[in-house]
Structure formats: structure tokens, C-alpha cells
Amino acid sequence: MKTDERHRVIAEVLRQQLEVSVEDLMQACGASGATIRRDLEVLAGHGVLRRIHGGARSLIGQGQNPGYGQRELEEQDGKRRIAAAVAGLLAENEHVWLDSGSTATAVARAVAGRELTLMPMSLQALNAAAEGNGAGGSRPALLLPGGSVVPGELCFRGPLAESTIRSLRFDTAVLTPCSVDFKDGLLAHDLEDAAVKTAGLEAAARVVVAASAAKWQAHARVLVAGLDRVDVIVTDRKFSAQDKSELEKYPVEVVSV
């Protein structure tokens, strides 16, 4: 099993249980104890878990929102497909506001070689977009919102970030909500995140939501906007007939990947 595959297995185990031993992970990953211990040190450094004697402890055992390091390991194939589809919706030279989070980072990678003006709301997305080099050396022109940076998430928050966003106008806002609900719409985990998401949505002519299947009906408490404010949803969720009936209540285009 390759390193990234072992990391995903370890992260998934720790989403299901509070603690796990090195011996159990050796069996789950088919790897030696030394290899598993090195994996745990790497993942602890990325905020995915906490090392304890003989194994590891989950950082989301009491239902907290998973940290960025753990979310980055999850649903990678689906996020890449979503990101590619979002990139396909963007025209050259568009001005784009890009939300924070692991899906947003995937979108930043997908547009890294494009001629766009991009305001990414996290340092991870900023770095991903800056590393691109398209045909003729093209890459996005990057705008920074300012504000405070949240430790671990490395996303921009606060009144300065909100003010900067609201002072500009974007062709497209790409939102990556913490949860999507058929009744309430787009939700975030905290008020500061909801505030910058709302600012990005209100500053854009078009709103594209990028949401993996796990975000639908996920647990989040702070309302950002209803689905009536969304123009396009890009997702890998497989919708039931009832889901489709709910979506037909809103003037939204759904792109399934």
C-alpha cells in the first residue's frame, strides 16, 4: 500500500473510533510497525491525529469538525472531479472569488494554469494557484483579501477580509459550504466563516457551489444562504428521485461528476 493510501486508511479509521493501536493499523494497512509509526508522526504534524503511547487518538472523537489535514486526505478523487468541472465552468479572464477548504484547494489546483483573476480565501489555495504554469506561462492573477489567518485552516477571516471582498465585484463566486441542506441551503460551522462566505456570494454575479457527497445533510449550524441564491451546484452526490424533486423547487443547475 502506498503512503497516501495508508494515510487515507488511517484517517478513515480515526473517523470511526476514538483511538487505534499501531498493531491494528499494521493489520489494516499491511505495513510494518516502523512504517505505521512514521505515518502517525507525519499525520500528527498535519493536525490529523494526536500521538499517544502505542498508537493514535482521533481529534474529532467528540464530533468536532475535522481539521484541514484530515479533510485533505478524504474523498480526493471526488474532489478532483468536482474541481475539474468547476474549472470548466469558468471563462478565461473571469474574476473569481474562491472559498477556503480542501475542495477549494482542489479547485485552485485545477485553475492554476488559467488566465483568471482569483481571490483565494486560504493560504493553501493561494499556494496551489501560484504553482501553476499553463500554456505560454499563463497563471491566475492573485488577489489577497487581508484579514486574520486561522491557525490550522490557514484561511482568511475577519472584518478586513469581509470589507475587501465587498469592495470588489466578481464574475463568479465558488463556494464550498460545510453543509448543504435542501431546506436551509448553504451552512457553515461558525459565524466568521459564514460572514466571508456571505460576502463572497453577495459580491458575485454568479454563484457556483462545489460540494462533495459528504457535505449534503452534514452537521453545521450557521446559515449562509438559501439554495435560491445558487446558480450552479457541482457535486458527486447520487441524487434519489426525492432529492431531484427537492432540487426542482430552485432555479439551480446541477452538474454531477
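The values are calculated or read from the model by the stated rules, or taken from the named source; none is laboratory data. This one's a predicted model, so the numbers in the text were calculated from it and none came from an experiment. Positions of Cβ are backbone-derived with ideal geometry, glycine not excepted, and every protein chain shown enters the neighbour counts. For the accessible areas, the whole protein counts, side chains as well, though only heavy atoms, and no ligand, DNA or RNA atoms are used. Shrake-Rupley method; radii C 1.70, N 1.55, O 1.52, S 1.80 Å.
Observations
- Qualifying residue in region 129-148 (condition: out of contact with any Lys or Arg (no Cβ under 7 Å at 6 or more places or on another chain) and closer than 17 Å to GLU72 by Cα): yes
- Test: residue in region 57-69 that is open to solvent by less than 30 Å² (accessible area, probe 1.4 Å), polar (S, T, N, Q) and at pLDDT below 95: yes
- Looking only at region 151-173, and only at residues there that are out of contact with any Ser or Thr (no Cβ under 9 Å at 6 or more places or on another chain) and hydrophobic (A, V, I, L, M, F, W, C), the one that is surrounded by the most Cβ atoms within 10 Å (Cβ to Cβ): ILE165
- Test: residue in region 22-29 that is surrounded by fewer than 18 Cβ atoms within 10 Å (Cβ to Cβ) and either among the aromatic types (Phe, Trp, Tyr) or closer than 22 Å to GLN76 by Cα (or both): yes
- Odd one out for PHE170 among (1) in contact with a helix residue (DSSP H, G or I) (Cβ under 9 Å, 6 or more places away or on another chain); (2) free of Cβ contacts under 8 Å to residues at least 60 places away in the same chain: (2)
- Qualifying residue in region 212-231 (condition: buried (at least 18 other Cβ atoms within 10 Å of the Cβ), over 24 Å from LEU89 (Cα atoms) and in contact with a strand residue (DSSP E or B) (Cβ under 8 Å, 6 or more places away or on another chain)): yes
- Region 115-150, subset crowded, with 21+ Cβ neighbours inside 10 Å and more than 19 Å from the chain's Cα centre (by Cα), residue nearest to ALA91 (Cα to Cα): LEU116
- The criterion of at least 1 residues that are charged (D, E, K, R) and more than 22 Å from LYS79 (Cα to Cα) is met, among strands (runs of 3 or more DSSP E) falling completely within region 154-233, by 170-175.
- Exactly one residue out of GLY185, GLY101 is within 30 Å of SER240 (Cβ to Cβ), crowded, with 23+ Cβ neighbours inside 10 Å and touching a Lys or Arg at 6+ places or on another chain (Cβ under 9 Å), and it is GLY101.
- Breaking point among (1) touching a residue at least 40 places away in the same chain (Cβ under 8 Å); (2) assigned to a loop (DSSP other than H, G, I, E, B); (3) of a type in the set (D, E, K, R), for LYS79: (2)
- Contact annotation: residue pairs with Cβ atoms under 8 Å, 6 or more positions apart or on different chains, pairing a residue in region 138-161 that is at pLDDT below 95 with a partner that is in a loop (DSSP other than H, G, I, E, B) and exposed (fewer than 15 other Cβ atoms within 10 Å of the Cβ), are ARG139/ASN133.
- For region 234-257, a residue qualifies if it is in a loop (DSSP other than H, G, I, E, B) and hydroxyl-bearing (Ser, Thr, Tyr), and the qualifying residues are SER240, TYR250.
- THR117 passes every criterion in (1) modelled with pLDDT of 95 or more; (2) among the polar types (S, T, N, Q); (3) under 29 Å from ALA213 (Cβ atoms) apart from (3).
- Any hit, region 43-55, residues being touching a helix residue (DSSP H, G or I) at 6+ places or on another chain (Cβ under 6 Å), in contact (Cβ under 8 Å) with a residue 24 or more places away in the chain and open to solvent by 50 Å² or more (accessible area, probe 1.4 Å): yes
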